[in-house]
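The structure appears right after this line, and notes come after that.
Taken together, the values in this text are just the output of simple stated rules run on the coordinates, not laboratory data. Just so you know, these numbers come straight off a predicted model, no measurement behind them. Cβ placement follows ideal geometry from the backbone for every residue including glycine, while neighbour counts extend to all protein chains displayed.
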Amino acid sequence: MSFRPELPTRTRLIKTLKQTVRILVMLATTFLGLLVITFLIGRVVPIDPVLAVVGDKASPQVYENARIAMGLNLPLWKQFLIYIGNVVTGDFGTSVLTANPVIDDILRVFPATFELAVTATVIGIVLGIPLGILSAVKQGSFWDHVIRVIGLFGHSLPIFWLGLMGLMFFYVRLDLLPGPGRVDIFYEGIVTPVTGFLMIDSIVAGEWEIFRNAVYHLILPASLLGYYSMAYLLRMTRSFMIEQLGQEYILTARVKGVKEWKVIWGHALGNCAIPLITVIALSFGTLLEGSVLTETVFAWPGLGLYLTNSLLNADMNAVLGCTIVVGAIFLGVNLFSDFLYKVVDPRAR
Amino acid sequence: MRFRFDPLIFKQALKEKRVKKLFLFVFVLSLFVIQTAQASTPKDTLVMAFNIDEIISLDPAEILEFASAECAANAYDRMINYNVDNVSEIYPGIAESWETSDDGLTYTFKIRNGVTFASGNRLSADDVVFSLRRVVLLDKSPAFILTQFGFTPENVNKTITKVDDYTVKIIVDKAYAPSFFLYCLTSTAGSVVDKKEVMAHEKDGDLGYGWLKTGYAGSGPYKLRTWKASEIIILDANKNYWGDAPKLKRVIIRHIVGSASQRMLLEKGDIDMARNLTADDLKSLESNKDIKIQKRAKGRIYYLGLNQKNKYLKIPEVRQALKYLIDYKGMEQAFLRGKATLHQAFLPTGFLGALEETPFSLDIEKAKTLLKKVGLENGFSVAMDTRSAEPVNSMALSIQSTFAKAGIKLEIIPGDGKQTLTKYRARRHDIYIGDWGPDYMDPHTNADTFARNPDNSDDAKFKPLAWRNAWNIPEMTRKADAAVLERDTAKRAQMYLDLQREHQMVSPFIVMFQDIEVVAERANVKNFILGPSFDSNFYKYTTK
């Protein structure tokens, strides 16, 4: 039920239109800002981008040719304008390191990161929120302490160390889980990428053995990232819940004789939903950027590894391409959580 | 009897300790069952972990890095090859025989009849001429290996020519030592590509460059199936190969960065071979019976470059003193154990005329005396650009501590590899710690860069390592140039020995170690051929 007077249809249409334009302008300026900054950073880093193309031993003539071919002899503003012009027409340029169009590279590495991020976020939500609630409800108890220690570890242990320990334990010692990589090495390159998601591609190809293998390979890195995401979510859930449980409406509900589980899961958690959505969205967004350290330890060919490698070689087309993708992810995730607000919170409608 | 599930009984049973234990047992057991026997690598496939992020192209006209050179050595054929056990012996590849004219200017090669490319196309003199001209015309990084013989895009049509379908004639500009030219042809730049296949993919007159960067058009024992940059290379046996068929059907090269990860995979049998293990990891594998370790001295040398633009480093006594302030032996026995050996001349062991003398060792008193002579007994401060990678990092720390003993304060400036290199190439360093790998098996490859500097001005056309360190040496340049033209092998070797002796004493280069390539492999892997250079590491005899 809305208490606002109904607006005439035309006025409402204009309002929606205005809002859309505002969002679009915001998107465009954000992207432009992102590109300008990344572009400038790319030009001031003390790495010679031509070096990545021609190597250390090229003759000065070869070097000069490559420099001109890359447009580096032009003034900075001109280079930037050319780049923007290309981006607008959908051309992100070619990566120096892989010799592929940047967009192809990103499409190739992103699914690997996405598979990890989704699994990790699911693990984080499924474990983190109930544990956070438990810890808030039983505040000060033995279980609260245990859970808080789990959370603390997730906040303070370096992920590469935990990753190596995980491999050492579950792979080397116990033989329960496979080692680094998305599949066993000799399975690689057998499935032709259709979607890039190995889980889906292996099913499409009817390679069940590879599918099974890929699932096994996902368990450890996803659990690891899931653990970190869980640690974050449980801390946030705990503090949101403690705040809500101290409110008067909870007391009222209890006095009225509402069952305790309903008080907790319905009333209190319901009111935590909005900040929780933001937290989940942010954590998911971060995971989608790709975790460099996890991807290194697990030889996981994802976005994080690609971006780092490109950056260290001053492969600017690739870096800028990734920046746009990461920027788009964050804007997308934010817009999506805004949308979820409206679903969850009647006031935001 | 029918079984009826009673939740109450179930609940009670759970409370009993024995039942709890049983559940735990079943749970743990199920974990083991889920994971069926750990698969080892397939019998007909060689799987190796190798750091291949340096590969940016697989076009033989552009390859100059270690990993890509190795890949090309197994996927492409060259006209001639050198024997990996006796480098001075050159044996036929695609060329059956060859001869040099009396004036030393013309080389004639007879091409083998009956060779087909992986594509099925027949290999003839056309392909050889096309491949060599292509290197010159494309003018990518390795082009200098051929253009130093006077080939230019304008004259290749006259200098590299086809006589008939199976004869190729090449005319060089000076009467060089014949081995110099032949060795250059044994390098990756001498690979023969499939003209028809390459030209079918030509775009805007690029001679198929855009395509061959990631494509394949060779006749070697293995053919390229997949290359994903910084991820994986898959080679399949080439059914059309003209020589003895390769023993294994497939070779998989997986990019794994860390030594710890490589070791783990190897110990578990998920890979057959690890290529980038640190001395620590190698040591702990020594006692493992399932794994054996294969070594081969490689041409790469580790050195310090002292910039002659620095007011201290340009003093001869200071350069000399620094050579006595490095704990060569200590490093060799500690973190370089088994990975590098002491070497102090610019030609690596295994090359014609390589100098094996090692006159320098850690001698602080001597260094102090030398410094006192030029009034620097209280030392000075100097910086060293160091890339943050092993073993260079550990070397830098060791050098820092021994320099300090003579009062020299060494500031280590860490950076990524390309970052320190950018600075070095612009001559903006004080000291640079780095490594250098030869490009072909002839001594000129290193003499050219360590002992030649035709023009020391900032905008020089040719910028060898001597230029990067601003070392002006017209006299030594002349000596190096003379050595290239000496056609008597024994005399030529002597010239290089003399050159190195002088260089060792006066140069602003402190050559410290020669690299040893170490491969750790599963015990069942046999005949993985390690040559003196990465373009002579061969897979075709390997079995397991």
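What is the set of long-range amide H partners of residue B:531 at a cut-off below 5 Å, with H atoms built 1.01 Å from backbone N?
Result for residue B:531 returns B:536, B:537, B:538.
Taking GluC sites (Glu not before Pro) as exposed when DSSP calls them loop (any state but H, G, I, E, B) and at most 13 other Cβ atoms lie within 10 Å, what is the longest stretch of chain B free of them, the sites themselves excluded?
B:378-544
By a straight-distance test (C-alpha under 22 Å), which lysines pair with residue B:195 as possible cross-link partners, with residues fewer than eight away in the same chain excluded?
B:110, B:140, B:158, B:162, B:169, B:203, B:213, B:223, B:239
Taking neighbour counts of Cβ atoms within 10 Å as a proxy for exposure, in what order, fewest first, do B:201, A:155, B:255, B:343 appear?
A:155, B:201, B:255, B:343
List the trypsin sites (Lys or Arg not before Pro) in the stretch B:38-133 that DSSP assigns to loop (not H, G, I, E or B) and whose Cβ has at most 11 other Cβ atoms within 10 Å. Which are they?
Of the trypsin sites (Lys or Arg not before Pro), the ones in loops of the stretch B:38-133 whose Cβ has at most 11 other Cβ atoms within 10 Å are B:43.
Using DSSP to call loops (not H, G, I, E or B), can you name the trypsin sites (Lys or Arg not before Pro) in the stretch B:428-475 whose Cβ has at most 16 other Cβ atoms within 10 angstrom?
B:428, B:461
What's the average, rounded to a whole number, of partner chain beta-carbon atoms within 10 Å of each residue's beta-carbon in B:53-62?
Mean partner shielding for this stretch: 4.
Relative to the compact-globule scaling 2.2 N^0.38 Å, provide the ratio for the alpha-carbon radius of gyration of the protein assembly as shown.
Against the compact-globule rule of thumb, the ratio is 1.11.
Please list, ordered by chain and number, the residues whose modelled amide H lies under 5 Å from the amide H of residue B:77; skip anything fewer than 5 residues away on the same chain.
B:192, B:219, B:220
Starting from the Cα of residue B:541, step 7 Å along the direction of its Cβ; do the same at residue A:192; then give the gap between the two resulting points in nm.
Reported label-point gap for residue B:541 and residue A:192 is 3.8 nm.
Given the options A:334, A:313, A:65, state which has the largest fluctuation in a GNM of chain A using a 10 Å cut-off (strictly under) for Cα springs.
Maximum among the listed residues: A:65.
Does chain B come out rounded, prolate or oblate by the C-alpha gyration tensor, with a ≥ b ≥ c the root eigenvalues, rounded set by a/c under 1.5 and, if not, prolate when a/b is larger than b/c and oblate if not?
Numbers: a/c = 2.40, a/b = 1.23, b/c = 1.95.
Note, shape of chain B comes out oblate.
If the cut-off is 24 Å between C-alpha atoms, which lysines fall inside it for residue B:405, apart from same-chain ones fewer than 8 positions away?
B:311, B:314, B:323, B:329, B:366, B:368, B:372, B:373
Considering amide H positions built from the backbone, and no H for Pro or chain starts, which residues 5 or more places from residue A:95, or on another chain, come under 5 Å of its amide H?
The answer is A:100, A:102.
Output ³J(HN,Hα) for the stretch B:468-474: one whole-Hz value per residue in order, computed from phi by the Karplus curve 6.51 cos²θ - 1.76 cosθ + 1.60 with θ = phi - 60°, and x for Gly and Pro.
4, 9, 6, 9, 8, 9, x
Starting at the first residue of the stretch A:207-212, write each ³J(HN,Hα) from the Karplus equation 6.51 cos²θ - 1.76 cosθ + 1.60 with θ = phi - 60°, in whole Hz, x for Gly and Pro.
Listing the rounded values in order: 8, 5, 4, 5, 4, 4 Hz.
Ordered by residue, what ³J(HN,Hα) values in Hz, to whole numbers, does the stretch A:67-73 give under the Karplus form 6.51 cos²θ - 1.76 cosθ + 1.60, where θ = phi - 60° and Gly and Pro are x?
4, 5, 4, 7, x, 7, 7
Quick check on the protein assembly as shown: helices-only [θ] at 222 nm, where DSSP H runs of length 4 and up contribute -39,500 (n - 2.57) each and the sum goes over total residues. Nearest 500, please.
It comes out at -15000 deg cm²/dmol, rounded to the nearest 500.
How far is it, in nm, from the label point at residue A:74 to the one at residue A:260 when both lie 7 Å from their Cα along the line to the Cβ?
Placing both labels 7 Å along Cα→Cβ, they lie 7.0 nm apart.
Gap in Å between the Cα centre of the stretch A:212-291 and the Cα centre of the stretch A:319-342?
So the separation of the two Cα centres works out to 21 Å.
Taking the alpha-carbon distance from residue A:259 and a cut-off under 22 Å, which lysines remain once sequence neighbours fewer than 8 residues away in the same chain are dropped?
Candidates past the 8-residue exclusion: A:138.
Rg over Rh of the stretch A:109-312, using C-alpha atoms and the Kirkwood radius, what does it come to?
Numbers: Rg = 19.9 Å, Rh = 18.6 Å.
Radius of gyration relative to Kirkwood radius: 1.07.
Any chance you could check the Cα centroid distance between the stretch B:462-529 and the stretch B:211-257 for me, in angstrom?
32
Mean separation of Cα pairs under 8 Å and 6+ residues apart, divided by the residue count of chain B: what relative contact order is that in percent? Mind dumping the intermediate values first?
Details: 1098 pairs, mean separation 102.6, N = 544.
Answer for chain B is 19 percent.
Most mobile of A:63, A:306, A:228 per a Gaussian network model of chain A (Cα springs, under 10 Å)?
The residue that fluctuates most here is A:63.
Using a/c under 1.5 as the rounded threshold, could you call chain A rounded, prolate or oblate? The axes a ≥ b ≥ c are square roots of the C-alpha gyration tensor eigenvalues, and prolate needs a/b larger than b/c, oblate otherwise.
Oblate.
Of B:193, A:50, B:163, how do they rank once you tally other Cβ atoms within 10 Å and put the fewest first?
So the residues, fewest neighbours to most, are B:163, A:50, B:193.
Pick from A:23, A:264, A:125: which residue has the top mean-square fluctuation in a GNM of chain A where Cα pairs under 10 Å get a spring?
The residue that fluctuates most here is A:23.
With just the Cα atoms defining each centre, how far is the stretch B:38-63 from the stretch A:97-143? Give it in Å.
Using only Cα atoms, the two centres lie 31 Å from each other.
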